[in-house]
Number of protein chains: 6
Amino acid sequence: MIYITRKEHFNAAHRLFRADYSDEKNLEVFGKCSNPNWHGHNYELFVTVKGEPDPETGFVMNLRTLSEIMLNRVIDKLDHKNVNLEVDFMAGKLASTENLAVAIWHQLEEPVSQTGAKLHCVKLFETERNFVEYYGT
Amino acid sequence: MIYITRKEHFNAAHRLFRADYSDEKNLEVFGKCSNPNWHGHNYELFVTVKGEPDPETGFVMNLRTLSEIMLNRVIDKLDHKNVNLEVDFMAGKLASTENLAVAIWHQLEEPVSQTGAKLHCVKLFETERNFVEYYGT
Amino acid sequence: MIYITRKEHFNAAHRLFRADYSDEKNLEVFGKCSNPNWHGHNYELFVTVKGEPDPETGFVMNLRTLSEIMLNRVIDKLDHKNVNLEVDFMAGKLASTENLAVAIWHQLEEPVSQTGAKLHCVKLFETERNFVEYYGT
Amino acid sequence: MIYITRKEHFNAAHRLFRADYSDEKNLEVFGKCSNPNWHGHNYELFVTVKGEPDPETGFVMNLRTLSEIMLNRVIDKLDHKNVNLEVDFMAGKLASTENLAVAIWHQLEEPVSQTGAKLHCVKLFETERNFVEYYGT
Amino acid sequence: MIYITRKEHFNAAHRLFRADYSDEKNLEVFGKCSNPNWHGHNYELFVTVKGEPDPETGFVMNLRTLSEIMLNRVIDKLDHKNVNLEVDFMAGKLASTENLAVAIWHQLEEPVSQTGAKLHCVKLFETERNFVEYYGT
Amino acid sequence: MIYITRKEHFNAAHRLFRADYSDEKNLEVFGKCSNPNWHGHNYELFVTVKGEPDPETGFVMNLRTLSEIMLNRVIDKLDHKNVNLEVDFMAGKLASTENLAVAIWHQLEEPVSQTGAKLHCVKLFETERNFVEYYGT
């Protein structure tokens, strides 16, 4: 079993808040991240898939294919967008990095499995100092 | 003459657009950066000052002081904010990285000169692949 | 189960040696790291905790809280300090990166568990090219 | 159980292709990586070993020893070399990052085990955005 | 005057040698870089242009345009290529980083000046530890 | 004129203080950096030299030579050492990054000029967020 990883990035705006909280409560719970006028990040996304290398190509999965799946299913929907307002697979969810990583997993799991490889990990950096990992369970 | 540099960062939302342009024209000129729902970045700010080291302390300027000036005059006003809507020193200006770097220069020039050092360069990364430098003239 | 990670840093001096070794033996076993006049590093500390995201906040754990625990229990005790001489939780221990990582784990395990999350990994970089990971067992 | 990691690097040329494919087929399957005139990379190699720290030295394994094993068994054979033409342990194999990581594992497994530690992971970056991990099974 | 910089990268093979040197002399002068079977790098290219920001757009130059010029005139000709054998603007030149940076300058100078901005610096990293800068004179 | 840069690193302990200050005054002026038990850093040193590329080799200066000068004249004297106590060219000087950069310049200027190139800049990172540049005047 070999694990291969591809990194892609996107720039997006978001806000952490609950509509059923007052502004004060949002500020208390979510801090500066609750700013009603939004803020944003240069997100870095690392996606790891696993499998046996194909004896003919030496590839677990062509990284060009993995990159295309990431671009079509995740990056094009998030890059230069507002995570709270414009991303179909985040509709109705709090825009935390945790929730975003899980939602990205669900965007990728099936198209990766169709290639014969298996999605192993979604690792999402919100900043250089904060990141989240999700392994599907 | 010695040059010393301090790096600080901030996360902010912005949008590139002109109110006197149609949406189509904004998209044509500013591309994805014109998204009306905002996007954002992890900005990295490098500020360089120059001077002679004080023979008593070996410092051109105490980096603690430089960091405080940067936090008070720039970072606290930008971090987790919307550059277009909430930053007093950017009011009425296009939120391009170029304009932001020049505005940051004007925020810093006087408090730096009061320490006896001289502001030399403001270098602002919008992303790892795009950055701007301004030397005051 | 989601894994979230926070990075903090500290600058410290240390020395690798045993008092019951001669200087020659210390040099032979620990190399340049045995220098009696100390040397030091910019350590980078990555702490990973795991748990289920709170449905109300989308957080496994508020990263502000994790950062505070790291600062109070680890960073404030190590930053700009001598690991061999001044750090209570390293008293009587060889100041290897391995031992430091294990000791940091024991500083963090209980305060993290009090938040409802679970400490998963302490990853400590001594230099960009050398690092240690400890998972608690 | 503690995990320690050492990073080394090498610069090498390679080409992805099969002699039994036509040039067109090689281009279709391997893309630009099939260029008959070669291309190359600054590879970064992270090797992780695991074990109990020696109570006398605080070391799972002396990193100087790990570095020497990596240099003797892997880096000296790859650095400034052509992976397809000049690397004995890659003879007859497709020069994919997957295959290279597995072959590096087999170069390192025994000399690491002779130190009393156990090889845990070979992680090989081909570029900053593409990397492979192998855990031996 | 403002300076803006765009970073792009390419992976290429090269060899440092002179056809009028013996193999021994090439090895003596160019070291491991003279390997007849090639080696390669992940080059990082930073291109800086300077000018006054356009009052209408806030841009010295649209970074999309700068990126396109870099891709068309430099990256597409170098990426996954052999610098010695396949790059028209390096024909007949020693493939040193110095010569490559100067040649890249001449590829970029005119198309940049046609946009109204002025090429300021070509900075080329061969490895993380070695880089070259050229300012046109 | 072309500028080439080589990066090397060293790990060292230091302390900022004046013997003619009280401990309180040292703490007030130099903050945590005045800790009598030392602290330390992973310093990164970038040395830039300038000159015309040799038409025969394409080199401003052989980077192997530049690296050797840096190792012999600077790195070997600083690595795993105490800057205040053990470094001949820092004797009697405050161990600030500014003073260290100037002293490194004086270590390098003559051996670089003997190669026919000219020392241009010494850039010294104390941490990822603090660095100093010196151009010789």
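The values are calculated or read from the model by the stated rules, or taken from the named source; none is laboratory data. If you're wondering where the values come from, they're calculated on a predicted model, not measured in any experiment. All Cβ positions, glycine included, derive from the backbone under ideal geometry; neighbour counts span all protein chains shown. Surface areas here come from the heavy atoms of the whole protein model, side chains and all, with no ligands, DNA or RNA. Shrake-Rupley method; radii C 1.70, N 1.55, O 1.52, S 1.80 Å.
Things worth noting here:
- Within the stretch B:32-50, being over 12 Å from B:Leu124 (Cα atoms), in contact (Cβ under 8 Å) with a residue 24 or more places away in the chain and surrounded by fewer than 20 Cβ atoms within 10 Å (Cβ to Cβ) holds for one residue alone: B:Lys50.
- For B:Lys77, the stated conditions hold: it is open to solvent by 30 Å² or more (accessible area, probe 1.4 Å) and either of a type in the set (Ser, Thr, Tyr) or closer than 30 Å to F:Cys33 by Cβ (or both).
- Candidates A:Val29, A:Val102, A:Val83, A:Val60 - the one that is among the β-branched types (Val, Ile, Thr) and free of Cβ contacts under 8 Å to residues at least 24 places away in the same chain: A:Val29
- Selection count where residues are within 12 Å of chain D (Cβ to nearest Cβ) and touching a residue at least 12 places away in the same chain (Cβ under 8 Å), scope the stretch C:86-96: 4
- Selection within the stretch F:80-104 - of a type outside the set (A, V, I, L, M) and surrounded by 19 or more Cβ atoms within 10 Å (Cβ to Cβ): F:His80, F:Lys81, F:Asn82, F:Asn84, F:Glu86, F:Ser96, F:Thr97, F:Glu98, F:Asn99
- Any hit, the stretch D:32-43, residues being more than 7 Å from every other protein chain (Cβ to nearest Cβ) and part of a helix (DSSP H, G or I): yes
- Test: residue in the stretch F:107-124 that is open to solvent by 20 Å² or more (accessible area, probe 1.4 Å), without any contact (Cβ under 8 Å) to a residue 60 or more places away in the chain and facing another protein chain (nearest Cβ under 9 Å): no
- Applying the condition of being open to solvent by 10 Å² or more (accessible area, probe 1.4 Å) and under 20 Å from B:Tyr134 (Cβ atoms) to the stretch B:62-71 and asking which residue is farthest from the other protein chains (Cβ to nearest Cβ) yields B:Ile69.
- Filter result for F:Leu108 (under 12 Å from the mean Cα position of the chain (by Cα) and under 14 Å from F:His9 (Cβ atoms)): no
- Residue among E:Leu16, E:Leu27 that is of a type in the set (A, V, I, L, M, F, W, C) and open to solvent by less than 30 Å² (accessible area, probe 1.4 Å): E:Leu16
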